[in-house]
Each structure stands twice: as C-alpha cells, then as structure tokens.
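K.L.:
Before I ask anything, let me first share the structure, which is written out below as structure tokens.
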Amino acid sequence: MQELTLSPDRFFDPDPAQRQVARQLYAQVASLPILSPHGHVDPRLFADEQASLGTPSDLFIIPDHYVYRMLYSQGIPLESLGVPRLDGGAVEQDHRKIWQVFADNFHLFRGTPTGAWLTHEFYEVFGVRQRLGTETAQSIYDQIAAQLSQPEFRPRALFERFNIQVLCTTDPAASRLEHHQAIRASGWKGDIRPTFRPDALVNLLTPGWKRNIQELSNVSGIAIHSYPQFIRALERQRYFFKQMGAVATDHAAPTPYTTFLSLSEVGTIFQHALQGKVTPDEATRFGGHMLVEMARMSVEDGLVMQLHPGSFRDHNARLYQRHGSDRGADIPTAVEFTNNLRPLLERFGDDTRLTLVLFTLDETTYGRELAPLAGHYPALKLGPPWWFFDSPNGMRRYFDQVIETAGLYNTVGFNDDTRAFLSIPARHDLWRRVSADWLAGLVVRHVLSEDEASEMAFEMAYGLTRRAYHLEDFSAPEQ
Amino acid sequence: MQELTLSPDRFFDPDPAQRQVARQLYAQVASLPILSPHGHVDPRLFADEQASLGTPSDLFIIPDHYVYRMLYSQGIPLESLGVPRLDGGAVEQDHRKIWQVFADNFHLFRGTPTGAWLTHEFYEVFGVRQRLGTETAQSIYDQIAAQLSQPEFRPRALFERFNIQVLCTTDPAASRLEHHQAIRASGWKGDIRPTFRPDALVNLLTPGWKRNIQELSNVSGIAIHSYPQFIRALERQRYFFKQMGAVATDHAAPTPYTTFLSLSEVGTIFQHALQGKVTPDEATRFGGHMLVEMARMSVEDGLVMQLHPGSFRDHNARLYQRHGSDRGADIPTAVEFTNNLRPLLERFGDDTRLTLVLFTLDETTYGRELAPLAGHYPALKLGPPWWFFDSPNGMRRYFDQVIETAGLYNTVGFNDDTRAFLSIPARHDLWRRVSADWLAGLVVRHVLSEDEASEMAFEMAYGLTRRAYHLEDFSAPEQ
Amino acid sequence: MQELTLSPDRFFDPDPAQRQVARQLYAQVASLPILSPHGHVDPRLFADEQASLGTPSDLFIIPDHYVYRMLYSQGIPLESLGVPRLDGGAVEQDHRKIWQVFADNFHLFRGTPTGAWLTHEFYEVFGVRQRLGTETAQSIYDQIAAQLSQPEFRPRALFERFNIQVLCTTDPAASRLEHHQAIRASGWKGDIRPTFRPDALVNLLTPGWKRNIQELSNVSGIAIHSYPQFIRALERQRYFFKQMGAVATDHAAPTPYTTFLSLSEVGTIFQHALQGKVTPDEATRFGGHMLVEMARMSVEDGLVMQLHPGSFRDHNARLYQRHGSDRGADIPTAVEFTNNLRPLLERFGDDTRLTLVLFTLDETTYGRELAPLAGHYPALKLGPPWWFFDSPNGMRRYFDQVIETAGLYNTVGFNDDTRAFLSIPARHDLWRRVSADWLAGLVVRHVLSEDEASEMAFEMAYGLTRRAYHLEDFSAPEQ
C-alpha cells in the first residue's frame, strides 16, 4: 500500500537557493486568513447549521465537473458516475461503486491541478495517508465517510477550521437571497456574501428569459414593461444585494464586446425581446450595451464589476440535452479585448470609482492586451488566472506575462472560483506556494530584494484582494 | 579540429536533483522499441533489399526541406544545393560541392532541432567525431560515404539497427500500395504500414483533381460519376489499406472547419467539381463535409483519424513555380478549433469507437482549445507537438500547456512525422529525453512520485502510442 | 535608509552551473560598444553642445510614458506629474513635488523592466546608493540635480561615456534634418544618424496629411499633385536621408497588410486624398500598397526596412484630447503576418538586396508565423522583442520561440527603441545579460558548446546588428 505524502516543499523550484527563499516567503503567508471574493459555493450549505456534505461521492465526484469531465474523456459514461439525467433516467446510485470507478482511474489526474487539490483535501482535511487506487478505494471511502458524519465536518465548522474570513457566493440577480438571509438570521458569524450576477437577465437569448424578467419584477416590486423599468429594477436589486453584503457583480459573456446604444434603440430591442422576437444580432448589441450600463451602475454604487468572457458554454449538445449545463463541456475561444472594451472604457476607463476586474481563458491576451490595458486605465484590474489556468503553470504564465507590463498592483490577488467548498484551502495554498516561488525566482535573480518580495507575497495572498474588493473594514492580519 | 561530443545528459535541466531523476527516467525508456505511427518515409526504401541511401548530400541535404530552407533563408540558392528544378534547369551536380556549402554554413543550425538531429545522426549512426565545418567537410563526407556503401547501411539493415517496431508511411488514398505489397512479398519481417491520405481527392481545388478521381475509379473498380460512388470508392480503398496493415488515416486542411451537408447539396458540389466549375466556397464546404464523412468511416472501420490543419502551403509562389511543393515555404496561420470542429463532434465526439488525433501549428490553441476539448470528448486525443515544434522548447510548451488540462492520458505519445529516415532515432531520443526531464521537474517539485513518473515515462515513449493506434497485438516490452 | 544595490549576477539563473557560464559569456560582451540602430532620442540633444537634460523630473518622468502610464493606472492624474495639456491647462510646475509623487509610488515598478532600467540609471549613471522612496525622494533629487548641472552630464559627454558607436534617431520623412546637419557642422564626432519615417505621409488619414504633403513638396523641391510626383519626392528624400547617414526606414501600421495596386487605382486614391475625400478602405489599401513601394525602394537604395505593426494608438480618446499622442495609451492587437505580407514577399521576399526587419507586439506570431517566415525568405529578418516585451521575460520568450525555427542568424540583435537617452546603456546591458544567460542555459543542457555560445553572445550583442544594418564600415571590436 503506497503512502500518501504531501511535501512541505511542493510546487517550489528545485534550485536550493530559490527554494530556500520560497520557503521563507511561503511561511509568511501560509496561514493568513482566506479571502474568497469570487466563487460558486452553494450558500445553502451555511444556511442550515445541520447541513451535511453527504457521502464521499457526493462531495468529490457527482457535483464536480472538473473531476467527471476527465473520466468522461476516457469513455466513462456520466451515468456510471451518478451524474443526474434531466429525463430522470437511471444513473448509478451506489456511491461506493461510483467511488471505485473514480479510484480505478485516479491516475488520469496525475500532473493536473485537480489531482493536486484532491490530494491536498484527502491529506489535510481527512487525514488520509494511503494513495487512492483500486485497492485502497473502499478503505479510504470508509475513512472519509466516517468523518463526514461528525459535527466537525459540517460546512460551518469547516468554514471556521479553514480560516475563511469572507466567502462570496454567486447569485442570480433576481434572487431573494433566502439562504443569505437565513445565515444572517441564524446569528452565525461566518461572513458569507452574495454576488450580483445578471447574465440570465441581460442575455436576451437565455432560455426562460421572460420568466427571469417576471421574477425580477416580482422581487424588485417594479413591473417591467420597458427598458427604463428594467434598468430601475436592476438598480434596486443591486441596492438589495449591497445591503446584504455584496461587494461585486459578475458577468459572463461570449466576448467582451461593449457598445453604447441610444435609448431609442435599446428600448426597441428590449420590446422585441418581450415580444419574443429578438434576433441574435440584437441580443449581442443589447449584451454589449448592458456591460456599459453595468459599469455605469458600478461607478454609482461602488460594486466591483467582474467580467469573464470567452467560454463556449455547453459545447456538447448531446450531453447538454441529457445532463444540462456545467458538465465539463465548456470550451474557450479566442478573445479580443482592445477593440471590444473601448466603448466601455471611453466612458468609464478613467473613473477611479470603477473597478472592472477582467478574466480570460485566452492566455494570449495577457501580455498583448490585458496587461497594457490594466497598466494604463485607472478603472481596470486583472483577475487571477481563471478556470483551466488555476494551476501551477497557469499561474506562472500569468505572473511572467502580466506583471512586467501591468505591475503587481494592477492585479487583484487570488480567487478560487469554485463550487467545491472543500477545495478552497487547497487552491489558496497552491496560489500562495506558486506566488512565493515566483517571487523567490526574482529574488535569486536579483530583480527584487527580499523585503520587497516579502511585501509582495503578502499583497498576493491577501492585501490586493482586500483593497480591490473594498474589504478594508476587516482588521488586517499582522504581516 | 574540434571534437564532436554527444553528452549523455543533453537536454536535461542543469539542476542536479532534477537531472538525477531525469537520468533515471530516461534510462528506463531509452532503448524501448520505436513506434512510428505517422511519418513520410518513402516505402520504396524497404521494397528493394538493395536500396541505397545515396551520397551524404542525397541523404542529408537535397531531399530535406528542414535543412535547405535555413540555407535558403540566408540567400543560398536552392540550385546550388542540388534541389531539382521543375523546368529541368541546371542545378549543382557535384555532391561534394553541395556538402561543402552545407558545412560552411552549419553554424546556422545552432540551437535548432535540425542541428540536434544532424549531430545525433553523425555521431550515433556514422561514428563521426569531428564537428562539421569548412575544414572538416570533405573528410566527414568521405567517412559517411564509405559507410553508406556498406550493406549495414542499407535501409532494411538500419531499420533493424534502429529497433523500429512499426513504421507507418503516408500514402495517397488512390494508391495501389505497390511498395508495401513488394515488402510483404519479399518475406522481410520489418513492419511497414501504409496510412490512408485522401487530401488530393477531398480537396476539390487540388491541381489534377479529375485525374486523381480517375485513379481512384481505376484502383477501386468503381466508376465515379456521383458523390455516392465517390464515397463507396473511398470506403473500398480504406478497406484495402486496412488489409495492408493501415491503422490510420491522415488529413491536412487549411483549417479544421467541419460541416455536414445534405446529400443533395454535397452531390451538387461534387457534380460541379466533375464539371470543372466548383467555386472556392463550395470546395471549402465540401472539404468540411468530408472530414465528417471520414470520421463516420473511422467509427465504422476503426482507422484512427489524424487531422493536421493550419499550414499555408507553398507560400512562396516563385519558389513553387521553380521547385514545386514541400520546399520549406509552408507557413502556419492562426487556427480555430472550438467552433470549427463542433459539427463533427456533435455527431461523433462521444463515440468511443472513434479516435480523432489533433495536431496544430498554432500553439495558442494548446491550452485554450485543444486541451479542454480533449479533456472532455471521448473521441478526441492530442497528437504530439508538430513540425516546427518537434523541438525541446516545443515539447516543453506542449507538456506545460496541455497536460494540466487534458491529462497525459488524452495524448498519444510521439511521432516523428519525418521523411528523413535517418532522423527517426534522433527524434524519438529527443522526445524521450525531454519527456524524462519534464517528468523529473514534476518529481522534484513533488507533484509526482517517482513511481508515477516512471509509469508516465513509459507511456510517453511507448504505451500511449501503442494504445491510441491499436497496436496492441505487439507483445509489449517489459517496463 | 535602505541601500541600493546592483548585483553583478542580476538576471542570471540561480543554478550555479548555468550562472557560471552566464557570467563568462556576459563578461565577454559587457563592454562592447553600443550600436543603437533604432530609437527615438531627440537629435536636438546633440545639436547643441550646451544642451542640458533639465531637472530629475524632466529627465525621468515628464517625457517618459513608460513611467507615467503606470502611475496613471493607479489613479494619479497626469497633471500632477507635470505632463503638459494641449489646452495649456495648469499642470504641476514644482518638479520636486512631481518627484515626490514618483518616489512615493516607486513600488509600482517592482518586477517591471522600467524599474530595472531606472535602478540601473540611478546606480550607474548618478551613483545613487539609497533606494528611492518617500523618505529618500528629496535627497536623491538633490544628488541627481547637482550632477545634471555639471558638464559631464551633458548629452554629448554621456554619449561618449556610454560608449555608443552609432545612434539612429527617427525622423519624419519630410524633415530637413536640421539637427543632424547641426551635429555634422559642429565637428563633434558622435555618430548620430537619421531614420526615414514616412508614416505621416503614407497614412492618408493622418491628421494634417495635406500639410505634411506640402512640407514634402517644399523640402524635396517637387510639387506634388499626383502619385508619381509623391513617389519621386519620397525617393528624393530617401536619397537625402541616406546622404545624411541613414541606414534604415521605419514604418508603423495598424496591421502588416500589403497589396499591390494598379497605377490607375493608386493614382485615383491619391487624388481622393488630395481632395480630402478618401475613405478608410482606400486609405488601408493605399497604406498596404505603399509598404510594397517602400520595399521596392529599399531594394534599390539599400535602406533597411523596419516594420512595426499592431498597436492601437491613442486608445484612450479622452486622454488623447487632453494630452495628445504617445501618452502610454497605445494598446496592442492581434496581428496576422502570413497572409498579409504575402503580396510584398511575392515581389521582394527572395531578393537578397532587401532587408525587411519585422517587429511584433503579438507574441503568438513568434513561433507560428515570424520564425517560419524568417527561416525561409532571404529578405526577412526578425527584430528584437519590442516595447512591452523589451524585458527579461519578453526576451526569454523571444529566444525560446524564435531561435529553434528561424535560427539566430535570421535575427538582428538588439535595439533600444527608446526616447529616454539615459536608459540606453541599461537596456543594452539587460539584453546582454539575458542573452548570456539564455545561451548559458543551452550550454549546460549540452545543446551548444562553450565556444559556440561565445560566438553567439558576440553576435547578439554586436555582430548581428552590425551586419543587418550595414554598419560594417566600423572597425569591429576584438572578440
């Protein structure tokens, strides 16, 4: 039975001098509290004090498209992994069998960030000391299952154990935020904040758009029959989210296309949408216009605006029909920022009241477009490497391509962007390690002094995020 | 006279810890047999037991566009290198003079993979121990020429010396595979297999397309006057290739555009082509449709489908008119896979009977498109770094950008893609070294354990290729 | 007060073996004379023997968009940095206050090439030994100001101290080169050469284009009422520039689009421009045509042609209206060379009399397009990493992506491309260090022998530039 180990030097360069500096820098930031300003954890987990994380398969496999897409890519049907079908068709119900398939194929994750996070979670959270594989599958299942039934493994307890200072969820703009309300009402002190995500309202081609508008009408108390009413309802919901602790909004879009339409044109498009006869081109123009409107609202209410463009969602139509969205079949496309963002930046790029955080799945834009843009416009900041690039190499490429041009101080630190609650400490730890190692590389090349690197390591792990997302009301930990 | 050396540690990282692990991993795979599932070696070399490789200039310069393009880029006319002219115009006939020009300019290859392969071939195959240069040119010529006249340097002998287990050639779809037949008839045991390449038939704008269709009619015995007859003839030829040992098909295309046309539309386009009045747009649509048809045939007959898009062939029109195709003037262009491949993937992406291996000359697609696609669709695998990127840095970028997202097991190992038979061992050795070093880097960063890296090194050198190309009927070497 | 240090090992890899080789290679090239074949230093600095560099803020901040864009990106108004307004509005006049803002924010430059250059300049040119920051701002200001008032810190004296052998400026094609004439007349021996930049004449949409044509008429003595007269005037000015020592021309363009128009079409477009009614599409076609014409002229007169495409100039319209061009708001865009350059290359790509040096801000083109193009066409060479990529990582990516395919000998060494005269030695030193370190990496990986690396280090620091720009009339320094 092979032993599972977790080296204290993992992800550090092998050069002894660099590794020594990396260790020191990492030691300074390893136990800083976690700020998680952007992610997709279900707030329900914290609304109910008794909430449980379920079985090991519930926790690690069934809801995590990072995990099952890799198994699927090797020909393993999602049904055998317990992923529900929209038509209610049969899927594997035996969680031990699901776990066994996962364990039998755990080698697929070698060298992947998912593999690194899982190993961290097994080792650190559950104390597993065997490597997962065909033989050890069931005994590890037992070990994890036993712990999951204990009160110390309820979400609130883990939230505290993980030393999370703030956790921002992502919530539909028309939400009543019931779970956030329940958390507040419960008296529990964990700081869980909503994030305003209006995609399903501003993308006129969203399936069920009319129903979403109806919900927005209901929750905002504004009957929406026109574009100005739509805007007013959005503003009111932003206010509500902000009252509930929100610090940011979140926007997905196929491209970062922005435009500013006349009130007449945008009103007409909105009417077409209400009448169910909007064209794809109209929807594109409307979406581009709404990004500018959202920037305008952020200038006014101070919510940080986050933009994540360039993912072709639900690329596999067959899978989408069978299992729905977010099934590991979102595929990036090339993205253009320089021309697309200009209409928005013409209006608000110089406005220091706006913080627009840009993310990309097209790494070619790091050095070519994003770093020069963020290195000029006061309103722009760069988010951390996103999704597939939340990985050691992804982070290194980001640092190497962004910082020389944008400087560190036009970036916003890390976010975990995850729905896998248990992976949060693993992901932040990975970021802190790779950051420390990257800084150490600059120290041993005499580009930075050790005290500069030390300040920067703190910024990367904590300070940049705190300032960018206006979380300064927290007392900062000592450096 | 400077000594030529070939360090046992070449291409390994200088860090002593990493190098030590790299050495161990490399030692485990260095002498594994070579699987060459994709290349362009002329089967004629093996059809005739007495075939000779010619003079040193015949072997290393005149047919190798990797070599003469670099000399050409510095103003050396192809005529002075003996490269034939289409008009039969005079070119240098004195192979010693050609060799001297090459030697005088050998410094141009410093730091290039061509330089590394040539050095390997000189040292390992011919025992050369002087560095090639102006002074040593003629004595090295003598040394190589003397050996080339020996029976041990005939192609079949070298095939055995090189420990090549399977060598796949690339053959026009309308070929009768006479040389492969001759090899079989000869009783020689070298395993040389054809690969089905239908480009000249499915690209309706190919010069001589009508003649190619006529050849396909002749060889298949199916008179082709309609699209369904065309399809039937292709299927029959695929069957014939498979009978002759083929495991794969190969497809070049300007882009990976795919589409699925109605039988009526595709039939009309085909008639236009027969009438010599097809438009470029029709040809594009036909080509995109035929990729889907070829995937359908692969589902049915099990031939692995290989797609190499994105090269602007014969970019230099003047040179093309004088010397023809494949003269080192093929220049890559940006490529888009996410949207282009979708029509094919909608039909067959989930089908585990299909293996579609993708190659690219646009490295930006590694992390952005190819790895996410291969990390989801069961039918997709990623080919090794191609052409210009069959190099130490090309391999490192490939590993660093692909594996974190796609995992190792959605890749297919190495292929040499070469028409230079002698460079096969050099190229595989380079891949095995760079693979070992890359894995060693993960070991010393504690991302992989040594036993995991050891298994992966075997997969990269041998196992992945064997499985992907269905070569499992070979007895695998011991690990 | 923290000490400012400048390690002799800066920018070298930490691996002891690699560093040792890097040191040796760097030592061989560190004190070679500087060839600066492309830059934007104002020739006025050298025309007047008494010219002064002004205050520390005049020197380091007010004219340098590399510096103030970073401050601006953090919300510091350009007015507070003394950057003039076009409307004559008030800007900070107190250079000590400007300096203090700069010093207070000097941490923004950590890890950037601007930070590295500034540190080099402070330390090496002015002997500063304290780190710049809030506390040390004014004493460092004093120290630099005192020196700037000395004769040894006049531009001509520094030119000699910096060991600059040739400095090429960039000059409007319609210039009378008064400052260059004054330098010649003065008898001073510094070799300052003009470069012919026709952008404002060939880009028909340039504001003030008619006025520019009038100037060209005046200076050339050719009344320009037609396209042939325009061409003749340009040729005459090229001749004049060449008489004044020019070795090159310089061309910016939004894209590298080239085309060759009929005389009738190009004549018509030119008339439209004279009549003030040219369309954007006509202007694009004219610009593409003029690149081919300029290549034709270079074939005839031997001036090296330099092409810098892909920057979206003055992206921030608001800032442009307030402060004008070149304010740190130029943002790159994706660029395509393979198709765009073909019309030019069809005519002149094989002509060894042409040297066309290509630059890019889109690093994806290095390996995909530029290296394959330069590795084939005799007329093409690759310029060094440009602008944002004139940095340690930018250089490493350039070497790693270009050299394997194009070879070293299809590149042209370094240029500093700077208007900041004092940064010239810092930039060349950085290039020489990173070059030496990159070569050392190949030596310790046994890809190059030490003597090969030594020759290549000399080429990168000096030899390639000397040959590419036809500066062979200088006596080369001993290697």
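The values are calculated or read from the model by the stated rules, or taken from the named source; none is laboratory data. The structure displayed is predicted, hence computed values, not measured ones. Note that each Cβ is placed from the backbone with ideal geometry, even for glycine, and that neighbours are counted across all protein chains shown.
K.L.:
In segment A:158-200, which residue that is over 14 Å from residue A:37 (Cα atoms) and charged (D, E, K, R) is surrounded by the most Cβ atoms within 10 Å (Cβ to Cβ)?
P.N.:
A:199
K.L.:
A follow-up question, please. Whether any residue in segment A:235-249 is farther than 26 Å from residue A:184 by Cβ and surrounded by 21 or more Cβ atoms within 10 Å (Cβ to Cβ) is what I want to check.
P.N.:
no
K.L.:
For residue A:72, are the conditions met, namely being within 10 Å of chain B (Cβ to nearest Cβ), out of contact with any Leu (no Cβ under 8 Å at 6 or more places or on another chain) and not small (Gly, Ala, Ser)?
P.N.:
no
K.L.:
Of all residues in segment A:293-324, how many are closer than 30 Å to residue A:69 by Cα and over 16 Å from the mean Cα position of the chain (by Cα)?
P.N.:
Total satisfying the criteria: 12.
K.L.:
If residue B:177 passes every condition in (1) in the same structural domain as residue B:235 (by TED's automatic domain parsing); (2) at negative phi but one, which one does it miss?
P.N.:
Against the list (1) in the same structural domain as residue B:235 (by TED's automatic domain parsing); (2) at negative phi, residue B:177 comes up short only on (2).
K.L.:
When only residues in segment C:1-34 that are among the small types (Gly, Ala, Ser) and surrounded by fewer than 22 Cβ atoms within 10 Å (Cβ to Cβ) count, which is farthest from residue C:445 (Cα to Cα)?
P.N.:
It comes out as C:31.
K.L.:
Here's another thing I want to ask about it. Condition first: over 28 Å from residue C:178 (Cβ atoms), charged (D, E, K, R) and either within 14 Å of chain A (Cβ to nearest Cβ) or not in a helix (DSSP H, G or I) (or both). Can you find one or more residues in segment C:92-102 that meet it?
P.N.:
Yes: segment C:92-102 contains one or more residues that are over 28 Å from residue C:178 (Cβ atoms), charged (D, E, K, R) and either within 14 Å of chain A (Cβ to nearest Cβ) or not in a helix (DSSP H, G or I) (or both).
K.L.:
Would it be correct to say that residue C:228 is farther than 21 Å from residue C:470 by Cβ and modelled with pLDDT under 95?
P.N.:
no
K.L.:
Scan segment C:138-172 residue by residue and report those that are closer than 19 Å to residue C:190 by Cβ, part of a helix (DSSP H, G or I) and among the aromatic types (Phe, Trp, Tyr).
P.N.:
C:153, C:159
K.L.:
Which residue out of A:135, A:124 is among the acidic types (Asp, Glu), assigned to a helix (DSSP H, G or I) and either crowded, with 20+ Cβ neighbours inside 10 Å or in contact (Cβ under 8 Å) with a residue 12 or more places away in the chain (or both)?
P.N.:
Being among the acidic types (Asp, Glu), assigned to a helix (DSSP H, G or I) and either crowded, with 20+ Cβ neighbours inside 10 Å or in contact (Cβ under 8 Å) with a residue 12 or more places away in the chain (or both) holds for just one of A:135, A:124, which is A:124.
K.L.:
Kindly indicate the residue of segment C:239-284 that is assigned to a helix (DSSP H, G or I) and among the β-branched types (Val, Ile, Thr) and also farthest from residue C:330 (Cα to Cα) among those meeting that condition.
P.N.:
Going through the qualifying residues, I end up with C:268.
K.L.:
Against the conditions (1) free of Cβ contacts under 8 Å to residues at least 60 places away in the same chain; (2) surrounded by fewer than 24 Cβ atoms within 10 Å (Cβ to Cβ), where does residue C:326 fall short? Just the number, please.
P.N.:
In the conditions (1) free of Cβ contacts under 8 Å to residues at least 60 places away in the same chain; (2) surrounded by fewer than 24 Cβ atoms within 10 Å (Cβ to Cβ), residue C:326 misses (1) alone.
Results for (1) of a type in the set (Gly, Ala, Ser); (2) touching a helix residue (DSSP H, G or I) at 6+ places or on another chain (Cβ under 8 Å); (3) within 21 Å of residue B:338 (Cβ to Cβ), shown as yes or no for each residue.
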| position | (1), (2), (3) |
| --- | --- |
| B:257 | no, yes, yes |
| B:262 | yes, no, no |
| B:269 | no, yes, no |
| B:278 | no, yes, no |
| B:281 | no, no, no |
| B:289 | no, yes, yes |
| B:295 | yes, yes, yes |
| B:304 | no, yes, no |
| B:307 | no, yes, yes |
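K.L.:
Need a quick list: helices (runs of 4 or more DSSP H) entirely within segment A:422-477 having at least 3 residues that are under 18 Å from the mean Cα position of the chain (by Cα) and either modelled with pLDDT of 95 or more or within 11 Å of another protein chain (Cβ to nearest Cβ) (or both).
P.N.:
A:424-444, A:464-468
K.L.:
Kindly list the number of the only condition in (1) aliphatic (A, V, I, L, M); (2) closer than 27 Å to residue A:168 by Cβ; (3) in contact (Cβ under 8 Å) with a residue 40 or more places away in the chain that fails for residue A:78.
P.N.:
In the conditions (1) aliphatic (A, V, I, L, M); (2) closer than 27 Å to residue A:168 by Cβ; (3) in contact (Cβ under 8 Å) with a residue 40 or more places away in the chain, residue A:78 misses (2) alone.
K.L.:
Which members of segment B:6-62 meet the condition of being within 14 Å of chain C (Cβ to nearest Cβ) and part of a loop (DSSP other than H, G, I, E, B)?
P.N.:
Correct list: B:6, B:7, B:8, B:9, B:10, B:11, B:12, B:13, B:14, B:15.
K.L.:
Checking the condition assigned to a helix (DSSP H, G or I), within 20 Å of residue A:175 (Cα to Cα), in the same structural domain as residue A:175 (by TED's automatic domain parsing) and β-branched (Val, Ile, Thr), which residue from A:224, A:231 passes?
P.N.:
Exactly one of A:224, A:231 is assigned to a helix (DSSP H, G or I), within 20 Å of residue A:175 (Cα to Cα), in the same structural domain as residue A:175 (by TED's automatic domain parsing) and β-branched (Val, Ile, Thr), namely A:231.
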